[in-house]
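Trainee: Below is the structure I would like to discuss, written out as structure tokens.
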Amino acid sequence: MNYFDSLYERFESILGGLAVVAVAIVAGIITKYLLFKLLDIYNRRENPFFFKSLTAHLSKPLALFIPLLFVSIALPALPYREELLYNLRRLVETLNIVTFAWILIELTNVARDLVRHKYNIEQKPDNMRERRLITQLQFLRKVTVVTIIFLAVALILLSFEPVRKLGTGLLTSAGVAGVVIGFAAQTSIANLLAGMQIAFTQPIRLDDVLVVEGEFGRVEEITLTYVVLKLWDNRRLILPLNYFIQKPFQNWTRTGSDILASVYLYTDYTMPIEPLRVEFDRILAGTDLWNKQVSVLQVTDSKERTLELRALMSARDSAIAWDLRCLVREKLVGFIQRNYPDALPKTRSEFIGDKLPPLSDLS
């Protein structure tokens, strides 16, 4: 056999192998297309949201995984040397592990979409149950994703003989290494454990209204290590998870989203209370911000120069309560200005005889 015949046979072998791989890839692509077509036919009427989420998250990883699966089945039919086949098999196995881990991660995204669709926290004003469930599932999803990635990397490394031997050697020093890593990553481990505690005891949940470090805002995101608080002016306050285990804070929606709002007014002793109370009830009756549960106006204190009046009313949540406070304060102050201007706070001075007191005493 001359050199050209040998080269021709080698070229023919390469083309044959590439043809087998190409057929396997095409078969995988066709299988993936038919699979999603059948799912579309089945779920279009039964559960369209499920199919939409499944297509959005699994289309790309399955477009890679199914052809790789067909390629791995076709590998024994390739007319290549044993050493080359071994290397190709290892490459395909590694890619299969990566894509399978990708599929599992995307399945967690599908589960998250289904839960959020069924328990939509924006559709109910009192959504404490929904927020509790979503907070737990969000933390569990993140732990699951980290576990999947860790196991995928471990399987890839253990598939190579040198790495397996190295891992066996390192196993004898795992105890010492664990202690060293534990001391080096105390904060991260503490945050992870705090996250597990928060997910199940739930001192905070997604969309809870908190007052932390003198700032007012809502819980926007809970990760494995920190919490993002969206403040009232759209700033973000980021705090480590163990902060909510170690330090006190206010949770305005711990047991429900409804809240009491209060407005304080300071008037002169000449202010008649009953007309102001009637006006307060009229203001509440004319607004949808009030949830018609609590309506009280009381004299809560009598100071040296003024009366302290407190208007107490209820609202569905803290954001509405803020608007309700502003409305009631504005309307009551306007009512006093129009009808009882002499009842506004004033400073009195008394003098006897023709001599006027110093101006500083009249201010």
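The values are calculated or read from the model by the stated rules, or taken from the named source; none is laboratory data. Since the structure is predicted, the reported quantities are computational estimates derived from the model, not experimental observations. Neighbour counts are summed over all protein chains in view; Cβ atoms, including those assigned to glycine, are modelled from backbone coordinates with ideal geometry. The protein model used for the area step is the full one, side chains on, heavy atoms only, and it has no ligands, DNA or RNA in it. Shrake-Rupley method; radii C 1.70, N 1.55, O 1.52, S 1.80 Å.
Let's see how each residue does on (1) in a loop (DSSP other than H, G, I, E, B); (2) hydrophobic (A, V, I, L, M, F, W, C); (3) in contact (Cβ under 8 Å) with a residue 12 or more places away in the chain; (4) under 15 Å from Gln138 (Cβ atoms):
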| residue | (1), (2), (3), (4) |
| --- | --- |
| Ile204 | yes, yes, yes, yes |
| Asp207 | yes, no, yes, yes |
| Glu220 | no, no, yes, yes |
| Leu229 | no, yes, yes, no |
| Asn234 | yes, no, no, no |
| Leu239 | no, yes, yes, no |
| Pro248 | yes, no, no, no |
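Trainee: Across segment 280-321, which residue is least open to solvent (accessible area, probe 1.4 Å) among those that are in a strand (DSSP E or B) and among the polar types (S, T, N, Q)?
Mentor: Ser314
Trainee: Moving on to the next point. Residues to consider are Leu104, Leu95, Leu91; find the one that is closer than 20 Å to Ala154 by Cα, open to solvent by 80 Å² or more (accessible area, probe 1.4 Å) and either part of a loop (DSSP other than H, G, I, E, B) or at pLDDT 75 or above (or both).
Mentor: Leu91
Trainee: For segment 327-336, state whether one or more residues are out of contact with any Leu (no Cβ under 7 Å at 6 or more places or on another chain), among the small types (Gly, Ala, Ser) and at pLDDT 90 or above.
Mentor: yes
Trainee: So which residues in segment 259-279 are assigned to a loop (DSSP other than H, G, I, E, B) and surrounded by fewer than 19 Cβ atoms within 10 Å (Cβ to Cβ)?
Mentor: Listed by number, the residues that qualify are Asp268, Tyr269, Thr270, Pro272.
Trainee: Exactly one condition in (1) open to solvent by 50 Å² or more (accessible area, probe 1.4 Å); (2) closer than 15 Å to Ser262 by Cβ is not met by Leu344; state its number.
Mentor: (2)
Trainee: For the list (1) under 30 Å from Trp290 (Cβ atoms); (2) modelled with pLDDT under 70; (3) hydrophobic (A, V, I, L, M, F, W, C), I need the number of the one condition that Ala174 fails.
Mentor: Failed condition: (1).
Trainee: Among (1) among the polar types (S, T, N, Q); (2) in a helix (DSSP H, G or I); (3) at pLDDT below 75, where does Asn120 come up short?
Mentor: (2) is the only condition that Asn120 fails.
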